Amino acid sequence: MLLPMNEKQFAFWKMRRSGSPNITIANLLGISRQAVSKALLVMDEKIESALREMAQANQIAIDTINAERGILLGRSIPFVTPAIIFVSEKYGMQVWYEHDGDCGTCQRYTGCIELLWDYADELGITIKRTADPTKMAEELFTKVKALV
């Protein structure tokens, strides 16, 4: 299932994830609080379903899901390592496996750093600036796990 990232419901969901209460979202958009609540319930169901489908496709045993934050914590069965699946406004659905990478030789080095910075920013999480994406990921996902 692809997430409907261009729908109003997703916009409401992003606003709530950023800390806006339903009443604020309703007032900003000129709609009722009940309409926002209904839309968020539908979006939470879509997010949870998409997270579960991604876990199944990647053979990740689910430990916990937080649809309001768009986070699934689990364990990769084939890689025997912790895994996190998360929803990013900029990057869509992402799977990250806990690992010690050789980041200096990886062609995705810059992309990983950008993804980690952007995702931390989406969640309002501060992480230390470092040249090692593995260290950044450890810090970020430790803080993300605390949200769940």
Less than 24 Å apart at the alpha-carbon level, and either on another chain or at least 8 residues along: which lysines does that give for LYS38? LYS8, LYS14, LYS46
Straight-line reach check, LYS135, cutoff 22 Å on alpha carbons, 8 or more apart in-chain or any other chain, hits among lysines -> LYS90, LYS143, LYS145
Rg/Rh of the stretch 1-77 (Cα atoms, Kirkwood Rh), to two decimals, equals 1.06
Express in whole angstrom the spacing between the alpha-carbon centres of the stretch 4-27 and the stretch 43-78. 21
Furthest towards positive pole of dipole, LEU147, ALA61, LEU40, structure part the chain, Cβ charges: LEU40
Ranked by GNM mean-square fluctuation in the chain (Cα springs under 10 Å), the top entry among ILE65, ILE127, ILE84 is ILE127
For peptides 134-146, 98-110, sequence by mean Cβ density within 10 Å, most packed first: 134-146, 98-110
Test item: Cα-centred dipole of the stretch 4-145, Lys/Arg +1 and Asp/Glu -1 on Cβ, debye: 480
Using Cα atoms only, what is the angle between the long axis of helix 33-57 and the major principal axis of the chain, expressed in degrees (0 to 90) to the nearest 10? 30
At q = 0.11, 0.18 Å⁻¹, the log10 of I(q)/I(0) for the chain from a Debye sum over equal Cα scatterers comes to -0.45, -1.07
Which one of PRO4, PRO78, ALA131 has its Cα pushed farthest toward the positive end of the charge dipole of the chain, where Lys and Arg give +1 and Asp and Glu give -1 at the Cβ? PRO4
Taking the chain as the reference, fit the longest principal axis to its C-alpha atoms, fit the long axis of helix 133-147 to the helix C-alpha atoms, and give the angle between the two in degrees, 0 to 90, nearest 10. 40
Note to self, the chain gives a 222 nm [θ] from helices alone (DSSP H runs n ≥ 4, -39500 (n - 2.57) apiece, / all residues, nearest 500) of -16000 deg cm²/dmol
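Bear in mind that the values in this text are calculations on the coordinates, not laboratory data. Note that the coordinates shown come from a computational prediction; the quantities given were computed from them, not determined experimentally. All Cβ positions, glycine included, derive from the backbone under ideal geometry; neighbour counts span all protein chains shown.
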